[in-house]
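Notes for the one structure printed next.
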Amino acid sequence: MKKRYSLLAIPLLLSMLSGCGGGNNNNAAPTDAGANAAATNAPAATSSTEPVTLRIAWWGGDTRHSYTQQVIDMYEAANPNVTIEPEYASFDDYWKKLAPQAAANRLPDIVQMDVSYINQYGSNGQLEDMTPYLNKQIQVADVNENVLATGKIGDKQYGVPLGVNVLGFQYDPELLKKAGVDSIPENWTWDQYKEIATKAKAAGLYMDSSMAADVFFNYYLRTKGLSLYNTDGTALGYEDDAMFSEFFGMLSGLIEAGAVPSQDKLSQTKGVIEETDVVKSTGIGMWQWSNQYVALQIAVNRPMALAQMPGPDMEKGLYMQPSMYWSITANSKAKEEAAKFVDFWTNNVEANKLIKGERGVPISSKIKEALTTELSDSGKQVFQFVADMEPKTSPMSPPVGSPEVVALLTDLAEQMNFGQIKPDAAAAQFRKEANAILGSR
């Protein structure tokens, strides 16, 4: 008898979809092993009856844990010889747990991998190249090549994206009008952004809650044909520190002008969506990934909208960001079965009715189409926004980042926002320390 894991039963408040779908009720005949199960609502059965145990690990909150276990239950019901043992934690605790498992060569068979870590684990030989499984055990023929390529390091596919997101400005149209602006210009620029922020301040509003340093600085660099890291992750990807000073000078200048909350206030509300100014109707919007929009809409509980990133050259800067990946580990003894589960997650309609796009807009075009009629209003906005932005995106820079560099940049950004260091000095310090970190890898 398979071991069951009790999870807190909670409503899926962050759902993009209004219905739960068919749950475990699969009436269609099973497909051949390894075939794409999206054509029917039944998962593909395994070709072997030998008992297989898979360990699978992910990070997240109770909502994510709950529906992931339901998907696991669906897979086990269709594959009686497979037992899946879940391991999950909060984001910080997840990586603290994964590191010693990697050192001991005891990683789970399938791990949820972040864009900031995939190069580290892949380059260290801890992840399996999934290329041999593509369009065999894992069907990806209807996946955008730029999206799939985000899981590549060199010529090796170390991860299959669970979903994709795109950056944008998520805002309250009525508060924007209160600032004297009827709408966000379709192809707005950074100068127009600053003009609107100034109008917001004059109307007694904040424009936004600033921007995540690494994510948005990388976007800014990409609009200029550069990136935060060089192609192999051994140094920064730009030479002119004036770009650093320009970008972070703009952000800290808006805080100094009172168009954006102080860093002290931003630090207090960080991670608490209910405490943000847009929720309290004192701020026009937030800069976020598209998969964060539904949660914001629920918290705000009034009409919201999404606007594309500023330019010029927005198309050069914008990219489809994988929310996270499923990766198969090199030490797994059941790699083929692990690949079949990744396919089930990617291509099974009923499983995705449970997932509800919580890990990003599905990468399969068939799944996106199948879910369209079940989307909530905010879910429809997200799916449409991502669809509108996808043709305007360029390939993502290789995911060769460093968590240590991100932490350094975040700390320096906060110091600039507090007025403790000038952008020029921060630029020089960042270059020296970041290159030391990257060069020692």
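The values are calculated or read from the model by the stated rules, or taken from the named source; none is laboratory data. The structure presented is a predicted model; accordingly, all values stated were derived computationally and were not measured. Because the Cβ atoms are built from the backbone with ideal geometry, glycine has one as well, and the counts that use them run over all protein chains shown. When the accessible area is computed, the model is the full protein with side chains, heavy atoms only, and any ligands, DNA or RNA have been set aside. Shrake-Rupley method; radii C 1.70, N 1.55, O 1.52, S 1.80 Å.
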| task | Name, by its number, the condition in (1) part of a helix (DSSP H, G or I); (2) of a type in the set (Asp, Glu); (3) under 23 Å from residue 347 (Cβ atoms); (4) modelled with pLDDT under 95 that does not hold for residue 32. | result | (1)
| field | Pairs where the first residue, in the range 413-424, is at negative phi and open to solvent by less than 100 Å² (accessible area, probe 1.4 Å) and the second is in a loop (DSSP other than H, G, I, E, B) and of a type in the set (Val, Ile, Thr), C-beta under 8 Å, 6+ apart | value | 415/421
| task | Working carefully through the options 179, 200, find the one that is more than 27 Å from the chain's Cα centre (by Cα), surrounded by 23 or more Cβ atoms within 10 Å (Cβ to Cβ) and more than 30 Å from residue 122 (Cβ to Cβ). | result | 200
| request: Evaluate the range 302-310: report whether one residue or more is within 28 Å of residue 400 (Cα to Cα) and more than 19 Å from the chain's Cα centre (by Cα). | output: yes
| field | Qualifying residues in the range 383-412 (those that are over 30 Å from residue 96 (Cα atoms) and touching a strand residue (DSSP E or B) at 6+ places or on another chain (Cβ under 7 Å)) - the one surrounded by the most Cβ atoms within 10 Å (Cβ to Cβ) | value | 386
| message | Return the residues of the range 215-273 that are of a type in the set (Phe, Trp, Tyr) and either part of a loop (DSSP other than H, G, I, E, B) or open to solvent by 20 Å² or more (accessible area, probe 1.4 Å) (or both); say none if nothing qualifies. | response | 220, 229, 238
| Which ones in the range 425-441 are without any contact (Cβ under 8 Å) to a residue 40 or more places away in the chain and assigned to a helix (DSSP H, G or I)? | 425, 429, 432, 433, 436, 437
| field | Selection from the range 164-176 of residues that are open to solvent by less than 10 Å² (accessible area, probe 1.4 Å), within 21 Å of residue 321 (Cα to Cα) and not β-branched (Val, Ile, Thr) | value | 165, 167, 168, 169, 170
| field | In the range 129-146, the residues that are under 22 Å from residue 56 (Cβ atoms) and touching a residue at least 40 places away in the same chain (Cβ under 8 Å) | value | 130, 133, 136, 137, 138, 139, 140, 143
| message | Every residue in the range 129-154 that is under 22 Å from residue 165 (Cα atoms), open to solvent by less than 50 Å² (accessible area, probe 1.4 Å), not in a helix (DSSP H, G or I) and not aliphatic (A, V, I, L, M), please. | response | 139, 142
| request: Return yes or no: is residue 68 open to solvent by 20 Å² or more (accessible area, probe 1.4 Å), within 24 Å of residue 349 (Cβ to Cβ), among the β-branched types (Val, Ile, Thr) and not in a loop (DSSP other than H, G, I, E, B)? | output: no
| remark: Filter the range 347-371 for residues that are more than 17 Å from the chain's Cα centre (by Cα) and among the hydrophobic types (A, V, I, L, M, F, W, C); the one that is most open to solvent (accessible area, probe 1.4 Å) is 370
| note | Flagged in the range 194-214 as in a loop (DSSP other than H, G, I, E, B) and touching an Asp or Glu at 6+ places or on another chain (Cβ under 7 Å), in numbering order, are 209
| From 157, 126, 112, which residue is free of Cβ contacts under 8 Å to residues at least 60 places away in the same chain, under 30 Å from residue 93 (Cα atoms) and buried (at least 16 other Cβ atoms within 10 Å of the Cβ)? | 157
